[in-house]
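Structure first, commentary second.
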Amino acid sequence: MKTANNKVERETISTKMERLEKKVDALNKRIGEFEHVKIQVKTVRPGILLPEYKTVQSAGMDLRAWPEKPTMLYPGEHRLFATGVCIALPPGFEAQVRPRSGLAVKNGITVLNTPGTIDADYRGEIHVDLENRGHEPFEVASGMRIAQLVIARYVHCEFEKVDELDETDRADQGLGHTGLW
């Protein structure tokens, strides 16, 4: 009886391993399809953790706060928090600082200037202006993940002054022109 159970257990483990290997292969294929850009990063002091993706397909890397001591952010208040990192983006790229959805939904914590743009020629430390839109004080501690950093391409444009613009169905209908339903 034990032999039969051992055989079943080996087959189960073997089947699970095969499924896992297929998942890993599929994931590696997806990763290979992403564009990868090297970005130089400098920390302002030892012990600072670099921004990091938490899942393979995350668009944003988590940024951490590094206050000298835990800091209370009271309802209606906003405060600038240092992240401890400086980056050198390649030309044609920007970094967007965005809120973390979990902090927003659970605690009412958001990024005041969102998305905050980090230009490719900026070399200073990244700061995040956190705002407490919740109803309770929120403590920001050293190493806490407070925002996301999304790297995006951009283009420069050249404006051409004209007397008239081409016609569209929308024309000059502004905010709310499509209604609610």
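Data overview
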quantity	calculated
Packing-based ranking, highest mean first, of 38-45, 173-180, 145-152 given that Cβ atoms within 10 Å are counted	145-152, 38-45, 173-180
Cβ-based net charge around R79, under 14 Å, with every Lys or Arg adding one and every Asp or Glu removing one	-3
The chain: relative contact order as a whole-number percent, Cα under 8 Å and 6+ apart	24
In sequence order, calculated HN-Hα J values of the stretch 90-104 (Karplus, 6.51, -1.76, 1.60; Hz; x Gly/Pro)	x, x, x, 10, 10, 10, 10, 8, 10, x, 8, 4, x, 5, 5
Shape of the stretch 71-181, Cα gyration tensor, a/c cut at 1.5	oblate
Under-5 Å amide H pairs with L63, H placed in peptide plane, nonlocal only	I146, A147, Q148, L149
Gain on full stretching of the segment that runs from A104 to E68 - 0.36 nm per residue minus C-alpha separation	10.6 nm
Three-way shape label, the stretch 130-181, alpha-carbon gyration tensor, a/c 1.5	oblate
Integer Hz, Karplus 6.51/-1.76/1.60 couplings in order for the stretch 132-140, x for Gly and Pro	9, 9, x, 10, 10, x, 10, 8, 9
Per-pair calculated FRET efficiency, R0 = 25 Å: E139 and H78 via Cβ, rounded to 0.05	0.95
Degrees, to the nearest 10: 2-33 long Cα axis against longest axis of the chain	20
Low-density loop positions, chymotrypsin sites (Phe, Trp or Tyr not before Pro), the stretch 65-167 - DSSP coil, at most 10 other Cβ in 10 Å	F159
Note, ³J(HN,Hα) from phi for the stretch 169-179, Karplus 6.51, -1.76, 1.60, rounded to Hz, x at Gly and Pro	4, 6, 6, 9, 6, x, 3, x, 5, 8, x
The stretch 45-134 - percent relative contact order, Cα under 8 Å, separation 6 or more	32
Long-range amide H partners of E77 with built H, under 5 Å	N132
Extension gain, V24 back to N113 (0.36 nm per residue minus Cα-Cα distance, nm)	28.2 nm
L50 long-range amide H proximity, modeled H, under 5 Å	none
Cα-projected label distance for R153 with E125, points at 7 Å along beta-carbon direction, nm	3.4
Solvent-accessible heavy-atom area per residue, rounded to whole Å², over the stretch 79-157 at 1.4 Å	51
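The values are calculated or read from the model by the stated rules, or taken from the named source; none is laboratory data. Predicted model, so just to flag it, every value in this text is computed and none were measured. Glycine gets a Cβ as well: all are built from the backbone with ideal geometry, and neighbour counts include every protein chain shown. Areas reflect the complete protein model, heavy atoms only, side chains present, ligands, DNA and RNA absent. Shrake-Rupley method; radii C 1.70, N 1.55, O 1.52, S 1.80 Å.
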